[in-house]
1. Please note which helices (runs of 4 or more DSSP H) are completely contained in the stretch 204-286 and include at least 1 residues that are farther than 28 Å from residue 173 by Cα and β-branched (Val, Ile, Thr).
2. Given (1) touching a helix residue (DSSP H, G or I) at 6+ places or on another chain (Cβ under 7 Å); (2) surrounded by fewer than 19 Cβ atoms within 10 Å (Cβ to Cβ); (3) among the charged types (D, E, K, R), where does residue 265 come up short, assuming only one miss?
3. Among the residues of the stretch 205-229, write down those that are touching a Gly at 6+ places or on another chain (Cβ under 9 Å) and either hydroxyl-bearing (Ser, Thr, Tyr) or surrounded by 15 or more Cβ atoms within 10 Å (Cβ to Cβ) (or both).
4. Out of 115, 127, 161, report the one residue that is modelled with pLDDT of 95 or more and either crowded, with 22+ Cβ neighbours inside 10 Å or touching a Lys or Arg at 6+ places or on another chain (Cβ under 6 Å) (or both).
5. Restricting the search to the stretch 299-347, which residues are free of Cβ contacts under 8 Å to residues at least 60 places away in the same chain and crowded, with 18+ Cβ neighbours inside 10 Å?
6. With the condition kept exactly as written, say whether any residue in the stretch 311-324 is over 23 Å from residue 204 (Cα atoms), assigned by TED's automatic domain parsing to the domain that holds residue 182 and basic (Lys, Arg).
7. Inside the stretch 81-97, can you point out the residues that are touching a Phe, Trp or Tyr at 6+ places or on another chain (Cβ under 7 Å) and buried (at least 19 other Cβ atoms within 10 Å of the Cβ)?
Amino acid sequence: MSVTIRPISSKADRKAFVDLPFRLYRDDSNWVPPLKGEALGLITPEKNGWYSHARAQLFLAEEEGRVVGRISAHIDTLALTMPPERGFGPGVGQWGLMEAERQDVFAALLAAAEGWLREEGMTRALGPISQSIWEEPGLLIEGFDHAPTIMMGHAKPAYRGWIEGAGYTPVKQMLTYDLDITQEFPKIVKRIIKSGEANPRIRIRNVDKRKFEEEAAIILAILNDAWSNNWGFVPLTPPEIKDVGVKLKPIVFNDLIRIAELDGRPVAFMITLPDLNEAIKPLNGSLLPFGWAKLLMWLRKPRVRTIRVPLMGVVKELQASRMASQLAFMMIEYIRKASVDNYGASRGEIGWILDDNQGMRSIAQTIESRVNKIYQVYGRDL
C-alpha cells in the first residue's frame with residue numbers, strides 16, 4: 001500500500017491531526033489524552049500567540065484514505081535571531097508533533113517536513129519540538145513506565161530508533177526529577193533554610209492572584225533574565241504571555257507560586273502547578289457531556305498526588321552565589337509544605353532541567369530527588 005503525504009488545508013484536516021494519537025495510544029495506559037479543544041487551539045494560528053512570530057506547515061500521512069501519521073514543520077523567526085551556540089540561530093528550523101503507525105510512514109513524513117524547511121531557506125533541522133520551545137520540546141527516551149505531568153510529552157519507545165535511523169544525532173537532553181515530598185529534606189538543606197529565615201534582607205512571599213498581570217510581569221522579567229543564556233531560549237512575546245495567562249490562571253494558587261525578594265527587590269521565583277493531567281486523563285479529550293462539571297469541581301479545590309515545578313529562576317547576577325541556592329531551597333521547602341498540607345500531594349516533579357544546568361541539577365540532587373524522565377532533542381543538517 002502506498003502512503004500519501006499531504007499538507008493540511010481545512011478544519012477537518014486539523015481535527016484528523018488531533019484525533020490520530022487517540023487511536024495510536026488507546027492501549028497505552030500512561031498516555032494522557034489532551035483536551036481536544038486545547039490541542040486544536042495549539043495548531044490554529046488565530047488561537048495561538050506563538051504564530052505571531054512563527055509559521056508552520058502541518059502534514060498528514062494517509063493510506064487508502066486512512067490517516068496513519070502526522071508531523072509539523074515550523075520556523076520560529078525569533079529563534080532565527082538567537083546565538084547559534086545556544087541551539088537555534090540563522091537557518092535552523094524545527095519539526096514536531098510527530099506520530100506514525102510505522103517507520104516507513106515516519107520516514108515519508110520527515111522527508112516532507114525537511115523538504116518544506118529547505119524550501120523556506122533552512123539549512124538545519126531540530127526536532128521534535130512541539131511546536132514552541134515552551135510547549136513540549138524533546139522526545140521521551142526514558143521514563144515510559146509512568147504518565148507525564150502537565151505540559152510534558154509522551155511518545156512510543158520505537159520513535160527513538162526511527163529518528164536516529166533517519167540520520168539525526170542527539171543535541172540536548174531535558175531531565176525531570178521525581179521526589180517524595182512527604183519526607184523532610186536533609187539536615188544540610190534545613191540549615192540553609194534556617195539561615196535564610198534569619199536574614200532580614202530575604203523575604204519569600206506568595207503571589208497574589210488578584211494582581212495576576214502585575215505578578216506575571218514580575219515573574220516574566222526574572223525569567224527572561226535568568227534563562228537568557230540557556231540553550232534553546234526564545235523570549236516569550238506579549239501574545240504568548242496572554243495565552244499562557246488564560247490557560248494557567250485556573251490552576252494558579254497563591255501558596256504554590258513564590259517570589260523571593262532581596263532587599264525588597266524580586267530576584268527569584270518558583271512556579272508550581274497541581275498536576276492537571278490527573279483530572280483530565282479520565283475525560284478522554286472531551287469536556288462533554290459532564291467532563292466540564294467534573295473539571296470545574298476539581299479546579300475549585302484540587303486534591304492531587306503530584307505537583308510539578310515547570311519554571312524556576314534566579315536573576316543572573318546571583319546565579320553564581322550561595323544566595324541563589326539558599327533562595328531556591330527556601331521556596332522549594334515552603335511550597336513542599338503547602339503542597340502536602342493544602343493539596344494532599346505526596347510526589348513532586350521538577351523540570352524540565354537542561355542536562356548542562358549544573359546549578360539546578362545540584363539543587364535537585366541535594367534534596368534527594370532522582371531523574372525519572374529524559375527527553376532528547378535531535379538535529380541534522382539539511
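1. Working: elements: 212-226, 238-248, 277-280.
The helices (runs of 4 or more DSSP H) meeting that bar are 212-226, 238-248.
2. (1)
3. Correct list: 216, 219, 222, 223, 225, 226, 227.
4. Working: 115 fails: either crowded, with 22+ Cβ neighbours inside 10 Å or touching a Lys or Arg at 6+ places or on another chain (Cβ under 6 Å) (or both); 161 fails: either crowded, with 22+ Cβ neighbours inside 10 Å or touching a Lys or Arg at 6+ places or on another chain (Cβ under 6 Å) (or both).
After ruling out the rest, the residue left standing is 127.
5. Initial filter on the stretch 299-347 (free of Cβ contacts under 8 Å to residues at least 60 places away in the same chain): 299-305, 309, 312, 317-318, 320-322, 324, 337, 341, 344.
Across the stretch 299-347, the qualifying residues are 302, 304, 309, 312, 318, 324.
6. Restricting attention to the stretch 311-324, the residues satisfying the condition of being over 23 Å from residue 204 (Cα atoms) are none.
No: the stretch 311-324 contains no residue that is over 23 Å from residue 204 (Cα atoms), assigned by TED's automatic domain parsing to the domain that holds residue 182 and basic (Lys, Arg).
7. Taking the stretch 81-97 and keeping what is touching a Phe, Trp or Tyr at 6+ places or on another chain (Cβ under 7 Å), we get 82, 86-87.
If the condition is that a residue be touching a Phe, Trp or Tyr at 6+ places or on another chain (Cβ under 7 Å) and buried (at least 19 other Cβ atoms within 10 Å of the Cβ), then 82, 87 are the ones that fit.
Quick grid of which residues meet (1) surrounded by fewer than 16 Cβ atoms within 10 Å (Cβ to Cβ); (2) modelled with pLDDT of 95 or more; (3) among the β-branched types (Val, Ile, Thr); (4) over 24 Å from residue 93 (Cα atoms):
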| site | (1), (2), (3), (4) |
| --- | --- |
| 54 | no, yes, no, no |
| 64 | yes, no, no, yes |
| 71 | no, yes, yes, no |
| 75 | no, yes, yes, no |
| 79 | no, yes, no, no |
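The values are calculated or read from the model by the stated rules, or taken from the named source; none is laboratory data. Here the structure is a predicted model, which means the values were calculated and not measured. All Cβ positions, glycine included, derive from the backbone under ideal geometry; neighbour counts span all protein chains shown.
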